[in-house]
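The next block holds one structure in the form of structure tokens; read it before the comments.
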Amino acid sequence: MFSMNDKVRILKNDLIGTVVDISEEDGETRYIVESDTPFSEGGYGGKWKLFDCCGEELARVDDSKTEKVRKIS
């Protein structure tokens, strides 16, 4: 459904991020999404939070139309 480095929106919290890992657990594909918003609420990790999602929780984003731009500082 999604591939590595796809730009996606996490539907439950409306965050935009990038797929950074894909795995399969109990027959279900799981996606680790790194938020493009620093210190976003929820998730786990440090400045760039990670979210564990199934495919139904994600929507593909047209990268050319996103308003949020990740700036590395």
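The values are calculated or read from the model by the stated rules, or taken from the named source; none is laboratory data. All figures in this text were calculated on a predicted structure; none of them were measured in a lab. Every residue, glycine among them, receives a Cβ derived from its backbone with ideal geometry; neighbour counts consider all protein chains shown. These accessible areas exclude ligands, DNA and RNA; they are computed on the full protein's heavy atoms, side chains included. Shrake-Rupley method; radii C 1.70, N 1.55, O 1.52, S 1.80 Å.
Could you list all residues from the stretch 15-36 that are at pLDDT 95 or above and in a loop (DSSP other than H, G, I, E, B)? D36 - this is the single residue of the stretch 15-36 that is at pLDDT 95 or above and in a loop (DSSP other than H, G, I, E, B). Residues that are within 18 Å of P38 (Cα to Cα) and either open to solvent by less than 90 Å² (accessible area, probe 1.4 Å) or among the acidic types (D, E) (or both) within the stretch 3-27 comprise K7, V8, R9, I10, N13, D14, L15, I16, G17, T18, V19, V20, listed in sequence order.
Each residue in the stretch 52-73 was checked for being modelled with pLDDT of 95 or more, open to solvent by less than 100 Å² (accessible area, probe 1.4 Å) and not aliphatic (A, V, I, L, M), and 5 pass. One residue stands out in the stretch 38-51 among those that are surrounded by 12 or more Cβ atoms within 10 Å (Cβ to Cβ) and in contact with a strand residue (DSSP E or B) (Cβ under 6 Å, 6 or more places away or on another chain): the one that is farthest from K12 (Cα to Cα), namely W48.
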